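> Sharing a structure here in C-alpha cells format.
Just so it is clear, none of the values below were taken in a lab; they were calculated from the coordinates. If you're wondering where the values come from, they're calculated on a predicted model, not measured in any experiment. Neighbour counts run over all protein chains shown; Cβ positions are idealised from the backbone, glycine included.
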Amino acid sequence: MKFHFLFYLCLFSIFQIKAQSVVTSDKFNLPQTVAETSGLIYYNNKLITHNDSGNAAELYEINTINGSINRTVNITNASNIDWEDIAQDNTYIYVGDIGNNNGSRTDLKFYRILKTDFDTNTNITAEVINYTYENQTDFTPNPNNNDWDSEGFVIYDNYILIFSKNWANNEVDVYAIPNTIGSHSAIKVSNYNAEGLVTGADIVGLNKIYLSGYSEADLTPFLIEIYNLNINTPSNLDVFTSSNTVKLDISLGTLNQVEAICFIETNGFIDTLYISNEKITAGSFTIQEAKIRELTVDNSILNTSNFIKNDVIKLYPNPFENVIQLSDNVESIKIYNNLGNCVLQQDFTKTINTSKLTCGFYIISLKYKNSVITKKILK
C-alpha cells in the first residue's frame, strides 16, 4: 500500500512539474554595442533595450528576427549613472536610473519619454521623476551588501512599482511612487522572500507581473510569476499579499546573469516572454555572450488548480442592507467603491457588517483557497 501511494504521489508531482515548467530557447546573440543590456520592453513589434552603468544615455531598437540594431535614440538631457530597467504605458516610455550597488545614491530617478517623440526622433528630451526611499536613513557605501539597489519596475495605473534587488537578505521589497514629474518619497508597500536577486520586471495587463532574477551564489536564473493580481491605487498596492505568487526554474544552469524580462503575447494559457542576459567574461575569455532567450510559460496548472468559479461562494442578500452572509469562510474580504477605494475589509469570516456603507454599487473581492473571486453588489 505504501508503494502504491508513493508511486502515485511521484506521478502526480511529475505531472505538476511538467505542467508548470518553463520552456526556454535561444533567440539570438546581441551585438557588442549592447553587451551590457539591462532593460527590455516590447514596443511596435521590436525590442527596446539599453546598457547599464557608465554607458551612453541611449536606447536601442532591436530587430526581433536577427537581433540587429535598427535604430539608436539618444536622450539628450540624461546621463547613464546606472540604468537598470525600462517600462511603458500607453503614452510614455520610462527608463529607470535606479541601480544602487553601493546603497549610497541620493540621485535615483526615472526618465519619462513621450512615445510620439521616440517614434519620430533619434535625439529626444526626457522629463525627470526623482525619488528617495522613505525608510533609508543610512547612505554609507556598502557594496553589494545592502537592500537599496533596484533593477526592476512596472507602471501600474498612475504609479511606478519598484522591485528591489536586496543584496543583504535576498528578498524583494516593492516601493510605490506616482508617475508624475517631481520628487517623491518611495513608500514600501510589499515584500517577498525571493531567495535570490530580482533583476527585471514586466506587467501583463493589470492581472499579472513577471520578475526575472538569479541566485547570488552561482547566477542560476529564476522566474517569479505574480498572478491573480489584486491591487488598486492608491489604497492597496501590496502586490504579494493580495495576489498569488509562484517561483519557477528557468532551467538554464549556472552563470546566466539574466538582466531583464519583457512580455510578448498570450495564447490561451501560454505566455511568451523574452529575457536578456549581459555578456560575462573572465579576463579575455567569454563565459556567456549577451543574448535574448524566449520563454514560454504554461499556466494551465495554475488556472486548473487556482481558478474558482464565482458561484462557488454564495453571497446573500444582494441587494444588501446591513449584513452580507457568505456560504463559507474566506481568507479575506475587501469591498471597493466606484472610485476603486477599499472602504471595508475583514479577514477569516463569512459574515460582513455593512451598516456603515452608504447606498450604491460596490465590488466585493473575496480571497478563497488561494484564489480571488469578485462580484458586483448593491446596497
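> Could you give me the ³J(HN,Hα) list for region 283-291, computed from phi with Karplus coefficients 6.51, -1.76, 1.60 and θ = phi - 60°, whole Hz, x at Gly and Pro?
x, 8, 9, 8, 7, 8, 6, 5, 7
> Which value, in debye to the nearest 20, gives the size of the charge dipole of the chain about its Cα centre, when Lys and Arg are +1 and Asp and Glu are -1 at the Cβ?
On the way: 26 positive and 41 negative charges, 324 e Å.
I would put it at about 1560 debye.
> While we're looking at this one, here's another question. Would you calculate a helix-derived [θ] at 222 nm for the chain, using -39,500 (n - 2.57) for each DSSP H run of n ≥ 4 and dividing by the full residue count, to the nearest 500? Could the numbers behind the result be given before it?
Values: 3 runs with 32 residues, N = 379.
One gets -2500 deg cm²/dmol as the mean residue ellipticity at 222 nm.
> Looking at this model, which pairs from LYS208/LYS376; LYS46/LYS208; LYS208/LYS291; LYS109/LYS334 are more than 29 angstrom apart at the alpha-carbon?
Values: LYS208/LYS376 22 Å; LYS46/LYS208 22 Å; LYS208/LYS291 25 Å; LYS109/LYS334 34 Å.
Beyond 29 Å between Cα atoms: LYS109/LYS334.
> Using alpha carbons only, how many degrees (0 to 90, rounded to 10) separate the axis of helix 2-20 from the longest principal axis of the chain?
60
> Give a quick list of chymotrypsin sites (Phe, Trp or Tyr not before Pro) in region 124-165 that DSSP marks as loop, anything other than H, G, I, E or B, with at most 15 other Cβ atoms within 10 Å.
Values: sites: TYR131, TYR133, PHE139, TRP148, PHE153, TYR156, TYR159, PHE163; in loops: PHE139, TRP148.
Hits after loop and neighbour filter: PHE139.
> In terms of modelled amide H atoms, which long-range or inter-chain residues lie less than 5 Å from the amide H of ALA168?
For ALA168, the qualifying residues are ASN146, ASP147.
> Taking a ≥ b ≥ c as the square roots of the Cα gyration tensor eigenvalues, with a/c under 1.5 meaning rounded and otherwise prolate when a/b beats b/c, else oblate, which class fits region 110-260? Provide the component values of the computation, followed by the final result.
Details: a/c = 1.33, a/b = 1.31, b/c = 1.02.
Rounded, since a/c falls under 1.5.
> Tell me, how many Å apart are the Cα centres for region 125-162 and for region 96-121?
Comparing the Cα centres of region 125-162 and region 96-121, I get a distance of 11 Å.
> Would you calculate the separation in nanometres between label points at LYS115 and THR374, each defined as 7 Å from the Cα along the Cα-to-beta-carbon direction?
A separation of 2.2 nm, rounded to one decimal place.
> Skipping prolines and chain starts, which residues have an amide H placed within reach, meaning under 5 Å, of the one on LEU248, given they are 5 or more residues away or on another chain?
LEU223, ILE224, GLU225
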